[in-house]
1. All but one of (1) out of contact with any Pro (no Cβ under 8 Å at 6 or more places or on another chain); (2) touching a residue at least 40 places away in the same chain (Cβ under 8 Å); (3) at the interface with chain B (Cβ under 9 Å from one of its Cβ atoms) hold for A:Ala84; state the number of the condition that does not hold.
2. How many residues does the stretch B:38-48 hold that are over 13 Å from B:Leu21 (Cβ atoms) and in a strand (DSSP E or B)?
3. Find the residue count for the stretch B:81-109, including only residues that are out of contact with any Phe, Trp or Tyr (no Cβ under 8 Å at 6 or more places or on another chain) and either more than 20 Å from B:Gly3 (Cβ to Cβ) or among the basic types (Lys, Arg) (or both).
4. Restricting to the stretch A:20-46, what's the tally of residues that are closer than 16 Å to A:Ser72 by Cβ and either buried (at least 19 other Cβ atoms within 10 Å of the Cβ) or among the small types (Gly, Ala, Ser) (or both)?
5. Scan the stretch A:38-56 for residues that are within 14 Å of chain B (Cβ to nearest Cβ) and either part of a strand (DSSP E or B) or within 13 Å of A:Ser90 (Cβ to Cβ) (or both) and jot them down.
6. Restricting to the stretch B:99-114, count the residues that are at the interface with chain A (Cβ under 10 Å from one of its Cβ atoms) and in a loop (DSSP other than H, G, I, E, B).
7. Hey, any hits in the stretch A:12-24 for a residue that's modelled with pLDDT under 90, among the small types (Gly, Ala, Ser) and touching a Leu at 6+ places or on another chain (Cβ under 6 Å)?
8. State yes or no: is A:Leu97 within 14 Å of chain B (Cβ to nearest Cβ) and buried (at least 16 other Cβ atoms within 10 Å of the Cβ)?
Amino acid sequence: RKEVEQDPGPFNVPEGATVAFNCTYSNSASQSFFWYRQDCRKEPKLLMSVYSSGNEDGRFTAQLNRASQYISLLIRDSKLSDSATYLCYSGAGSYQLTFGKGTKLSVIP
Amino acid sequence: NAGVMQNPRHLVRRRGQEARLRCSPMKGHSHVYWYRQLPEEGLKFMVYLQKENIIDESGMPKERFSAEFPKEGPSILRIQQVVRGDSAAYFCASSPGQLNTEAFFGQGTRLTVV
């Protein structure tokens with residue numbers, strides 16, 4: 001079983017829609033979680049951290065569900081500029097940063 | 001405060017040549033990670049280094065690939081006798097060193113083997 005799994009998508013949504021992605025992790029000892037965004041042929045950029053209490057930043061909300069071992073990212077009022085691949089990262093106390101393969105989002109006019 | 005710097009941005013090598021990719025971490029970061037990404041694929045972990053130490057190289061191919069992070073200077077990912085299958089984007093990330101902190105990525109080196 002892979003350590004971090006994501007639905008690869010693509011998610012094709014109209015502008016203004018709300019979209020949510022989940023990311024499941026297998027290591028129950030995971031302590032830190034982050035969402036990254038990667039544009040085509042660019043480097044991943046940190047989008048937001050995921051705390052136990054949840055985290056909200058403008059149109060973006062990240063949640064952690066420890067019982068079911070997944071994190072989620074909710075994007076409200078989608079913009080064309082939100083089109084990208086979203087990567088989740090789970091840190092389990094080891095030094096290896098484990099990323100999911102990413103979920104591709106396309107926001108359509 | 002400069003971010004993670006990688007160079008070169010683009011590198012073309014003929015089969016059999018050597019490729020050297022360099023990564024300077026963010027100021028104050030002492031931990032470096034290297035990833036490889038093929039087109040339409042996810043990030044594949046290769047190696048994690050601290051200054052003068054390889055901590056985890058479980059993702060490195062057993063042959064032709066090596067990495068170092070000397071006391072002075074950038075981290076180097078070295079690929080000897082490159083083959084076409086080595087063509088990919090190679091990303092470096094750095095972190096402050098505490099476990100489970102955010103990592104920040106460089107812009108990557110795109111290696112093309114012809």
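1. Against the list (1) out of contact with any Pro (no Cβ under 8 Å at 6 or more places or on another chain); (2) touching a residue at least 40 places away in the same chain (Cβ under 8 Å); (3) at the interface with chain B (Cβ under 9 Å from one of its Cβ atoms), A:Ala84 comes up short only on (3).
2. The total comes to 4.
3. Number of matching residues: 9.
4. Selection size over the stretch A:20-46: 12.
5. Listed by number, the residues that qualify are A:Gln38, A:Lys45, A:Leu46, A:Leu47, A:Met48, A:Ser49, A:Val50, A:Asn55.
6. Count: 8.
7. No.
8. yes
The values are calculated or read from the model by the stated rules, or taken from the named source; none is laboratory data. Note that the coordinates shown come from a computational prediction; the quantities given were computed from them, not determined experimentally. Note: ideal-geometry Cβ built from the backbone for every residue, glycine included; neighbour counts use all protein chains shown.
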